[in-house]
Structures are given as structure tokens and as C-alpha cells.
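Asks: Starting off with a structure, shown below.
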Amino acid sequence: MKEYRVLRVYSDDLKKEKRVFIYLPKSYDTSDKYYPVLYMHDGHNLFDDKQATFGTSWGILDAYAEQADIPEVIIVGIETEGDSRADELIPYEFKYKNGEIAGGKADLYLKFITTVLKPYIDRRFRTFKSPKNTGIMGSSFGGVNSIYASLMYGEYFTRFGCVSNALMYGGFFKELKKLAASTQFHSVKKFYMDVGTAETDNKSFNELYVDSNQEYFNIIKDKIDESRRRFDVIEKGIHNEKDWAIRFPEII
């Protein structure tokens, strides 16, 4: 049976309760094995079209049901909802074109994951607890957050999935680039990032997507051994869950 679990976990730092969506591997209930854990942003968009913001999920349950060769991992999806999404995922404040200010709470969000949620998951499920068996992954602003985690949270995560990264906002991209230039990435086991050539329906914005992702990768590529990092430019890749679902099995 294809299924996932939903928990509610309170964050003192964010002053709110978070829904947490959990996928356990097929063999979990019929074995005594322990499993790596992948924490993913936008958990409500991962498993169930009915929960997904735009009516289409990443289809992760279908991927595991249909493809036997996908590595078995416990996937923990954290809801990042509504107006607070950019605040929680982006580490530095920035301005949208309309002048609205967002961002700046990523450390509070990542503190919730690393000091509240991860210990809870490790107590409740059979997990490999070490950083070498723990990853973090997301798309768009979730990709930006995973990039930031690779720079600042290497004591908790060593595997990073950064998908369709929305890096084109100068206010925080400038800070991320400075941080990356001074980081050695010694703890990174695997680093994946990608960007599509058709992320939006605006040609100029698409060029910003590709150029900013390429610029960031150029900063880090000589700091991470080629066998441990990968950057894909996805021809005609679009900024939505349907497209990310196609990439998921290869990324994982």
C-alpha cells in the first residue's frame, strides 16, 4: 500500500506547529534494518496531489512503487506554507520587485529541523543518525535553503539536493556567494544542483535562473571533488512539481 504519515511538531523558535510528512521504505515494517534520512522542504507537495499547493505533487510514492532500484531512505517532509515560506527558507532579508521584504528566518527553521525534528525522528524510527547518512533537499527557495545548509549545517547534513534554485534575487545571492567563497565544503559527501532552461514563461527571467545557478556552481566546483558534486542544466526544465517528479529518481 502506498502511504505516508503526518505528524505535528511544535517549533518554539518559529512559534508555530509544523506538519511533517513521513515516507517509510517498503521494507521498513518487514525488517529490522536502519535507514538513511532525507529531509525535504515543502513537505505538503511531496506525496499527495490533494495536499499539494498547485494540485500536483512530486509523486514520490509513485516513484517508489514503480521503480524498484531507487535507494531506500526515510523521507521527512516539512511543511513550509503561505506567506512565511520565503521567510523560513531564505537566510537573509531581501526585497521583491514590489518592495515587499521577505527572508531572514532560515536559521530558525533549520534549528527546528536539526535540534527538534531530527532528534524526534531518530528516537521514533530506525534511522542512521550520523551526518554521513543524512541529507536535505528542496526546490526553488527550498533549493536555496539546501544550498545554505551545505554552507552552515555540515555537522548535521552531508548530502544536499538543490533543485531549480531561485538564486536571482540579489539581496541574498550576494551573501550566499560570499559565504561560498570562504567555505571549504569538507563535510560534503554528495552535492546535487540543477536548473531548467524554461523555469518560467519569461525568457529574460529564465536566463537569470540559468546564469545565477551557473555562477554559484562556478564558485564551488573546485572546492568539491568531481565525484561528489553534480550540476545539471535541464533542457526545457520547468519550475513545477511535475517536472521535479521526473528528476527525483535520478537525484535520489
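Asks: Restricting attention to the range 173-186, and to residues there that are surrounded by fewer than 15 Cβ atoms within 10 Å (Cβ to Cβ) and touching a residue at least 12 places away in the same chain (Cβ under 8 Å), which single residue is nearest to Asp87 (Cα to Cα)?
Replies: Here the residue is Ala181.
Asks: Give the number of residues within the range 190-209 that are assigned to a loop (DSSP other than H, G, I, E, B) and out of contact with any Ser or Thr (no Cβ under 7 Å at 6 or more places or on another chain).
Replies: The total comes to 5.
Asks: Looking only at the range 121-131, count every residue that is surrounded by 14 or more Cβ atoms within 10 Å (Cβ to Cβ) and part of a helix (DSSP H, G or I) and tell me the total.
Replies: Residues flagged as surrounded by 14 or more Cβ atoms within 10 Å (Cβ to Cβ) and part of a helix (DSSP H, G or I) within the range 121-131 amount to 3.
Asks: Quick check: is even one residue across the range 20-43 among the polar types (S, T, N, Q) and surrounded by 13 or more Cβ atoms within 10 Å (Cβ to Cβ)?
Replies: No; the residues of the range 20-43 include none that is among the polar types (S, T, N, Q) and surrounded by 13 or more Cβ atoms within 10 Å (Cβ to Cβ).
Asks: I'd like to check something: does the range 162-172 contain any residue that is under 28 Å from Thr134 (Cα atoms), of a type outside the set (Val, Ile, Thr), in contact (Cβ under 8 Å) with a residue 24 or more places away in the chain and part of a helix (DSSP H, G or I)?
Replies: yes
Asks: Anything in the range 36-55 that is more than 16 Å from Asp243 (Cα to Cα) and charged (D, E, K, R)? List them, or say none.
Replies: Residue satisfying the conditions is Lys50 alone.
Asks: Could you please find all residues in the range 210-252 being in contact (Cβ under 8 Å) with a residue 24 or more places away in the chain, within 17 Å of the chain's Cα centre (by Cα) and part of a helix (DSSP H, G or I)?
Replies: Within the range 210-252, Asn213, Tyr216, Phe217, Glu241, Lys242, Asp243, Trp244, Ala245, Arg247, Phe248, Pro249, Ile251 qualify.
Asks: In addition: Is it the case that some residue within the range 75-95 is over 19 Å from the mean Cα position of the chain (by Cα), assigned to a loop (DSSP other than H, G, I, E, B), modelled with pLDDT of 95 or more and charged (D, E, K, R)?
Replies: Our first condition is that a residue be over 19 Å from the mean Cα position of the chain (by Cα); within the range 75-95, this holds for 93-95.
When the remaining residues are screened for being assigned to a loop (DSSP other than H, G, I, E, B), the result is 93.
Narrowing the set further to residues that are modelled with pLDDT of 95 or more leaves none.
Within the range 75-95 (the criterion being over 19 Å from the mean Cα position of the chain (by Cα), assigned to a loop (DSSP other than H, G, I, E, B), modelled with pLDDT of 95 or more and charged (D, E, K, R)), the answer is no, since none of the residues qualifies.
Asks: If Asn145 passes every condition in (1) out of contact with any helix residue (DSSP H, G or I) (no Cβ under 6 Å at 6 or more places or on another chain); (2) open to solvent by less than 10 Å² (accessible area, probe 1.4 Å); (3) in a helix (DSSP H, G or I); (4) closer than 24 Å to Ala52 by Cβ but one, which one does it miss?
Replies: Single failed check for Asn145: (1).
Asks: With the requirement that a residue be touching a residue at least 60 places away in the same chain (Cβ under 8 Å) and open to solvent by 50 Å² or more (accessible area, probe 1.4 Å), what does the range 44-54 give you?
Replies: If we filter the range 44-54 for residues that are touching a residue at least 60 places away in the same chain (Cβ under 8 Å), which is where we start, we get 45, 52, 54.
Scanning the range 44-54 gives a single hit, Phe54.
Asks: Still on this structure: Can you tell me which residues in the range 8-18 are open to solvent by 20 Å² or more (accessible area, probe 1.4 Å) and either over 26 Å from Ser140 (Cβ atoms) or in contact with a strand residue (DSSP E or B) (Cβ under 6 Å, 6 or more places away or on another chain) (or both)?
Replies: Result: Arg8, Tyr10, Asp12, Glu17.
Asks: Only residues that are open to solvent by less than 20 Å² (accessible area, probe 1.4 Å) and under 17 Å from the mean Cα position of the chain (by Cα): list them for the range 155-172, please.
Replies: Phe157, Thr158, Phe160, Gly161, Cys162, Val163, Ser164, Asn165, Ala166, Leu167
The values are calculated or read from the model by the stated rules, or taken from the named source; none is laboratory data. This is a predicted model, so every value here is computed, not measured. Glycine gets a Cβ as well: all are built from the backbone with ideal geometry, and neighbour counts include every protein chain shown. Surface areas here come from the heavy atoms of the whole protein model, side chains and all, with no ligands, DNA or RNA. Shrake-Rupley method; radii C 1.70, N 1.55, O 1.52, S 1.80 Å.
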